[in-house]
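Following: one structure in structure tokens, then a few remarks.
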Amino acid sequence: MHGLAAELFPICRSITGDGVRQTLAVLQRELPGMRTVEVPSGTPCFDWIVPPEWNIRDAYILDPDGRKIVDFKQSSLHVVGYSIPVDTALPLEDLRPHLHTLPEQPDAIPYVTSYYRERWGFCLTHQQYQSLKPGNYRVRIDSTLASGHLTYGELLIPGERKEEVFISTYVCHPSMGNNELSGPVVTVELAKWLVERARRYSYRIVFIPETIGSIVYLSRHLDLLKRQVVAGFNVTCVGDDLDYSYLPTRLGGTLSDRAALHALKQHAGEFKRYSYLDRGSDERQYCSPGVDLPIASIMRSKYAAYPEYHTSKDDLGFISPAGLVGGFEALRKAVQAIEANGVFRATTLCEPNLGKRGLYPTLSTKETAGQVRSMMNLLAYADGRHDLLAVAEMLNVPVWTLAPIARQLLEHGLLEQLD
Amino acid sequence: MHGLAAELFPICRSITGDGVRQTLAVLQRELPGMRTVEVPSGTPCFDWIVPPEWNIRDAYILDPDGRKIVDFKQSSLHVVGYSIPVDTALPLEDLRPHLHTLPEQPDAIPYVTSYYRERWGFCLTHQQYQSLKPGNYRVRIDSTLASGHLTYGELLIPGERKEEVFISTYVCHPSMGNNELSGPVVTVELAKWLVERARRYSYRIVFIPETIGSIVYLSRHLDLLKRQVVAGFNVTCVGDDLDYSYLPTRLGGTLSDRAALHALKQHAGEFKRYSYLDRGSDERQYCSPGVDLPIASIMRSKYAAYPEYHTSKDDLGFISPAGLVGGFEALRKAVQAIEANGVFRATTLCEPNLGKRGLYPTLSTKETAGQVRSMMNLLAYADGRHDLLAVAEMLNVPVWTLAPIARQLLEHGLLEQLD
Amino acid sequence: MHGLAAELFPICRSITGDGVRQTLAVLQRELPGMRTVEVPSGTPCFDWIVPPEWNIRDAYILDPDGRKIVDFKQSSLHVVGYSIPVDTALPLEDLRPHLHTLPEQPDAIPYVTSYYRERWGFCLTHQQYQSLKPGNYRVRIDSTLASGHLTYGELLIPGERKEEVFISTYVCHPSMGNNELSGPVVTVELAKWLVERARRYSYRIVFIPETIGSIVYLSRHLDLLKRQVVAGFNVTCVGDDLDYSYLPTRLGGTLSDRAALHALKQHAGEFKRYSYLDRGSDERQYCSPGVDLPIASIMRSKYAAYPEYHTSKDDLGFISPAGLVGGFEALRKAVQAIEANGVFRATTLCEPNLGKRGLYPTLSTKETAGQVRSMMNLLAYADGRHDLLAVAEMLNVPVWTLAPIARQLLEHGLLEQLD
């Protein structure tokens, strides 16, 4: 995963443009089933309109001595996202309003965009900003902002059922690690893992630009999503190895919330619980009133909650192979919890006679004693009201260890599955 | 408010009689819209009957030397409320059973009544009681207990809607401060404030004798109150500056409870939360089974919870101008919370585009950032299920700061109001 | 109670056989209304079949010197329950697999059974086990395992209503105190107490072998029990004087749970609250899905939670007269709580006039003040929604002190009973 992130890192992504297309092409190589969709600029989507497409080829500042002191080719963060083209010379005083820095993080380049108001600008470290000499500067941004398309990727992995788990991640930030590339690379890994196993649910996975992308996607598929999606996750900030974090759906308590909490508890033990008031990614659209899809977030360090966020410090060093594996594992376990879940009902009145069916282990060890206890507890709560996740939470065991026991009891006719 | 309390202080009020009428006449001067109602003695009201009217002109004790040692004209507390007339001489031993004192508060005159059993008596400090010399005493109570009326005041302030907020306070205790005059004077101030502003709800304000007055009022208006009252408060003990207190409705959770808790939290921060088991005023009738009106109490120091209660120490010095203002403000904010509340639903799917409507502030400061955040949160919870009070509690901001934002969004067509 | 336990102690009980019959005969002497029921071996009961009947007359081990070192006549625990007959000689090495000890409690004889797999064995202290010399041992178990019956006792105590309280206890363990005899002897005492008083509910009391007995009983009476049982308790481990314990029904919140919690709180103050996951007696059957009877447990030290459990140390010394009385009292109070409970509604609107009915005490003391307060609170919550147990919990007073007040108010026509 870290290698794929490194390959994608230099590409200058934004909410539209060739950077998105290049990124999706690389992801398509990994996930051949994925298709890309182009939505024309000007297309209405709920209260919004698909914006013009932005592309950029080069951008730099030459200082009064003609030296290239800020160079887009060194970091795609150097240019304000959606900057209109400019090619002019101007004194330092006039240049200053177009320069963005972080005085409190003087060696970091900030990430700045201006999607819906036309302007141009550069981002640089505050250290460099402070060393600028008076004089005439030459600035050039070789960009275009013109009618074109918004591009996204979509992958459908069919399962036994039409009901879907919906996974959304975004591909719209330039060269950043946790708050950009961790999402798509962990999602790719999750998709590969899903393709290789039997699945109860179908999976719908989208790689979209944040906010406008989810609005566009919802405006085209809302009825279908509301009909078919039983759970889902927004995959973002899953690559560092500091924290684990959970952000609920708007009202909480959905299958996604329960699976996320179960997976994080079983996988990480301790984790940060945010409120929906702390939201900031595509759950803003997925969970909005009337949309109300069950989309929760499992994260490592949450966006806007670590100092490197939205700066050049959120780079390939901030994320790590182990951090990405941790993010992947937490999500995989949440998906496993959803797959393992089910509503069961006992077929006998009173406890069944397990002995006559050979369901008591002949050798009694601590492990087998725990299994028998789990089997008895599962039967005790197989009342058609408590699903397997609820029983797992009561027993404080991973639901994926109860699922094989439920299967065994199903095979012996001691349980029936209601869902 | 403190001046009005001082004006009313000397009047000898009881549950009936001219003391109530004089008090209501002063309040009517302040609130010209108020009308007074006379209910004849003997009128049945649920399980009760309006008692005879009690009036008193003078009362005193002369000691063996002929000196007036207890004088009703010095304090209306000196005579037991509803004392029958007496004019006799008797030795100290025979007088003693008619004297009431507080041995544990030796310099305080207690407040004693005997509404439903005919007797006579005097109240005095325990210090004075202990200095009484043996000998023959002359006692006189120039009172009448006869068929007459129970008197109360009623003020209706119409609003946009027929639904009412019901405010009840009592005018039946003699010369006391917190547990008598604070209620009517704060209620007068609240009524004046209500008259001067646009109101969504209508307001029904009553000045009644405690217990028998609320029973009489309910027996005449129960159907109407049950149909129209959406919230309300019993106003008592709102004049000292020690505590803030909350006493819930019988089952809690009504709009009145939610508004009271919100107002006290926003206004006072810390406050005492009593249980309905600690009740002791007219909520006993308003919240009784089958009546079940949503009447909660917002207080400063609660009745029966401070040592000065029901003694001559609960005087104009125990209440204070600042204490009365605090009581008024807490109640006013609860009323504001009720007025500000509403159920809203977003008209767009997904987040709306605030920028194109100029709803993003052009200058970004901490304050405007908070407003935008509140606007986004309000839209996120505008699902027709969470009212504005619920959103305000989630955001931990005063609901009266959310109301203008809701109005702005209504004007831009981004919200619709459901109630 | 302790005397009765001592009388029953030596009898070798198991899940079937003459030990059960002897035990029931003694109980029948105490409770003449009890009948015994014989269910033939081989009778199907849900997923089970009534097992063969086991009887034992003698069992011993002779050491290489011919000395009787283990003797069933000394303790019925010495033989593994349901041991098949054996009469042979064998070297120590071959005997060892048939010997059961507790290495961690070297002076205790363990309690071991093998109901559903044919084998034979002896139980002894680990100390004795370690002193065994090599050589040839002679073992004899004079038992029979043959078609016969499962025996249980049943007592019906009719009340005003057909609705029943169901009390179940077991008579299937050999010589043990807390985890065997405390149950039946406390149940006998409870039955005697019930017979002597007026009862609102009918009482169904069963003395059965654990697990297979409750399964058999349920298989014959399930429909009736589901129709008529409003509450009930499994009586076990009610004889020591260490702890008080509560184990809920499967989902909690039934009348049995509420009565148990109320009784334990009022009787013991502090007690241990177990989870249904800690279950281990006949609630496993009574609360199983589809059966769902409201059977909770009130215990002293819970089975499997004290070191003497299932050993010879759980003897007549582990239980005590005071411990049995405590267990009896806690259960009796839970039954009293069920009998005292009721749903009431006030017949007047607003508070009634208690004075005119003489319901105000003429002498005012702390006790009478508390009674008046309870009366007013009872009237305040007599809304047809809160039953007497709920009011008692709110007031933190025993429900059996509220019941006479409710009766008084019923007699004065101030309350009506809805259930």
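Expressed in Å, the radius of gyration and Dmax of the Cα atoms of the range B:307-362 are 23.0, 66. Its Cα gyration tensor gives the range C:243-307 an equivalent ellipsoid. The semi-axes, each the square root of 5 times an eigenvalue, are 19, 15, 7 Å from largest down. According to the calculation over all Cα-Cα pairs in the range A:58-216, the P(r) per 5 Å bin from zero is 2, 8, 14, 16, 14, 11, 9, 8, 7, 5, 3, 2, 1, 0 %. Working from label points 7 Å from Cα in the Cα-to-Cβ sense, the B:Tyr116 to B:Asp94 distance is 3.1 nm. Using the Cβ-Cβ distance between B:Lys162 and C:Asp107 with R0 set to 60 Å, the FRET efficiency works out to roughly 0.10.
The charge dipole of chain C, taken about its Cα centre with unit charges on the Cβ atoms of Lys, Arg (+1), Asp and Glu (-1) only, comes to about 820 debye.
Entry note, chain C: relative contact order of 16 percent, from Cα contacts under 8 Å with a spacing of 6+ residues.
Note that the range B:282-333 shows a convex hull volume over its alpha carbon atoms of 86 Å³ per residue. Taking only the C-alpha atoms of the range A:1-91, Rg followed by Dmax gives 16.7, 52 Å.
Charged neighbours of C:Trp120, selected by a Cβ distance under 13 Å, balance to -1 (K, R count +1; D, E count -1). Along the range A:157-168 the Karplus relation, 6.51 cos²θ - 1.76 cosθ + 1.60 evaluated at θ = phi - 60°, assigns HN-Hα couplings of 10, x, x, 4, 10, 6, 4, 10, 9, 10, 10, 10 Hz to successive residues, with x for each Gly and Pro. Beta bridges from DSSP with both residues in the protein assembly as shown: antiparallel share about 65 percent, rounded to the nearest 5.
3J(HN,Hα) along the range A:182-193, derived from phi through the Karplus expression 6.51 cos²θ - 1.76 cosθ + 1.60 where θ = phi - 60°, amounts to 4, x, x, 6, 5, 5, 4, 5, 5, 5, 4, 5 Hz, with x in place of Gly and Pro. Under the simplified labelling scheme, the B:Gln128-B:Ile84 pair shows an inter-label distance of 2.4 nm, with each label point 7 Å from Cα along Cα→Cβ.
Within the shell defined by Cβ-Cβ distances under 14 Å, the residues around B:Tyr203 carry a net charge of +1, with Lys and Arg each +1 and Asp and Glu each -1. The mean of 1/r over all distinct Cα pairs in the protein assembly as shown, once inverted, gives the Kirkwood hydrodynamic radius of 37.9 Å. Summing both sides, how much accessible area is buried between C and A? Use a 1.4 Å probe and give Å² to the nearest 100. Interface between C and A: roughly 1700 Å². Placing R0 at 60 angstrom, the Cβ-Cβ distance between B:Ala304 and A:Arg138 gives a FRET efficiency of 0.15 after rounding to 0.05. Counting only trypsin sites (Lys or Arg not before Pro) that DSSP places in a loop and that have at most 13 other Cβ atoms within 10 Å, the longest clean stretch of chain C runs over C:198-419. Normalising by residue count, the range B:210-283 has a Cα convex hull of 104 Å³ per residue. For the range C:193-348, the Cα gyration tensor yields ellipsoid semi-axes of 25, 21, 15 Å (square root of five times each eigenvalue, largest first, whole Å). Amide H contacts under 5 Å for A:Cys350: C:Val291, restricted to partners 5 or more places along the chain or on a different chain, H placed in the peptide plane at 1.01 Å from N. Which whole-number percent of Cα pairs in the range B:265-419 have a distance greater than 24 Å? Everything past 24 Å amounts to 51 percent. For the range B:196-245, the solvent-accessible area with a 1.4 angstrom probe is 31 square angstrom per residue.
For the range C:38-150, a Kirkwood radius taken over Cα pairs fed into Stokes-Einstein (4 °C, viscosity 1.567 mPa s) yields D = 87 µm²/s. Charging the Cβ of each Asp and Glu at -1 and of each Lys and Arg at +1, and nothing else, the dipole of the protein assembly as shown about its Cα centre rounds to 1180 debye.
Taking amide hydrogens as placed 1.01 Å from N in the peptide plane, the amide H of A:Val79 sits under 5 Å from those of A:Cys123, each at least 5 positions away in sequence or on another chain.
Remark on the range B:20-64: Rg and Dmax equal 16.2, 52 Å (Cα only). For C:Leu316 and B:Arg273, the FRET efficiency from 1/(1 + (r/R0)^6), where r spans their Cβ atoms and R0 equals 51 Å, is about 0.45.
Taken as Cα centroids, the range C:137-178 and the range B:332-404 sit 68 Å apart, rounded to the nearest whole angstrom. Shielding value for A:342-351 is 6, the average number of Cβ atoms from other chains within 10 Å of each residue's Cβ.
Amide H contacts of C:Ser41: C:Gly148, C:His149, C:Leu150, each under 5 Å away and 5 or more positions distant or on a separate chain (H built 1.01 Å from N in the peptide plane; Pro and chain starts excluded).
Rounded to the nearest Hz, the phi-derived 3J(HN,Hα) couplings of the range B:103-114 under the Karplus curve 6.51 cos²θ - 1.76 cosθ + 1.60 (θ = phi - 60°) are x, 7, 10, x, 9, 10, 8, x, 9, 10, 9, 8, where x marks glycine and proline. Angle of helix C:399-411 to the longest C-alpha principal axis of chain C, folded into 0 to 90 degrees and rounded to 10: 40°. What is the angle, in °, between the Cα long axis of helix C:212-228 and the longest principal axis of the Cα atoms in chain C? Nearest 10 is fine, range 0 to 90. Taking Cα atoms only, the helix is inclined about 20 degrees. Would you mind estimating how fast chain B diffuses translationally, via Stokes-Einstein at 37 °C and 0.692 mPa s with the Kirkwood radius over Cα pairs, in µm²/s? It comes out at roughly 140 µm²/s. Within the range A:270-294, the residues that become at least 40 Å² less accessible when every protein chain is included than when their own chain is isolated (1.4 Å probe; DNA, RNA and ligands ignored) are A:Leu277, A:Arg279, A:Arg284, A:Pro289. Looking at the range A:101-167, the pairs of alpha carbons with a distance over 15 Å make up 74% of the total.
Hey, got a sec? Which GluC sites (Glu not before Pro) in the range B:1-106 land in a DSSP loop and have at most 13 other Cβ atoms within 10 Å? Mind dumping the intermediate values first?
Values: sites: B:Glu7, B:Glu30, B:Glu38, B:Glu53, B:Glu93, B:Glu104; in loops: B:Glu104.
Counting only loop positions with at most 13 other Cβ atoms within 10 Å, the GluC sites (Glu not before Pro) in the range B:1-106 are B:Glu104.
Checked against a 28 Å cut-off, the cross-linked pairs A:Lys272/B:Lys333; A:Lys162/A:Lys333; A:Lys356/C:Lys272; C:Lys192/C:Lys302 give Cα-Cα distances beyond that limit for A:Lys272/B:Lys333; A:Lys356/C:Lys272.
Per-residue extension of 0.36 nm, minus the Cα-Cα distance of A:Thr401 and A:Tyr360, leaves a gain of 13.0 nm for this segment. If you wrap the tightest convex hull around every Cα atom of the range B:326-414 and split its volume per residue, you get 102 Å³.
Taking a straight Cα-Cα cut-off under 18 Å and skipping sequence neighbours fewer than 8 places away in the same chain, the aspartates and glutamates within cross-link reach of B:Lys133 are B:Asp63, B:Asp65, B:Asp71, B:Glu93, B:Asp94.
I'd like the Kirkwood hydrodynamic radius of the range A:159-271, using the inverse of the mean 1/r over distinct C-alpha pairs, in Å.
After inverting the pairwise mean of 1/r, the radius is 15.2 Å.
Below 15 angstrom from the Cβ of A:Gly358, what's the summed charge of the other residues (Lys, Arg +1; Asp, Glu -1)? Neighbourhood net charge equals +1.
The values are calculated or read from the model by the stated rules, or taken from the named source; none is laboratory data. Quick caveat, the model's predicted, so the values are computed rather than measured. A quick note on method: Cβ atoms are made from the backbone with ideal geometry, for glycine too, and the neighbour counts reach across all protein chains shown. In case anyone asks, the SASA skips ligands and DNA or RNA and just uses the protein heavy atoms, side chains included. Shrake-Rupley method; radii C 1.70, N 1.55, O 1.52, S 1.80 Å.
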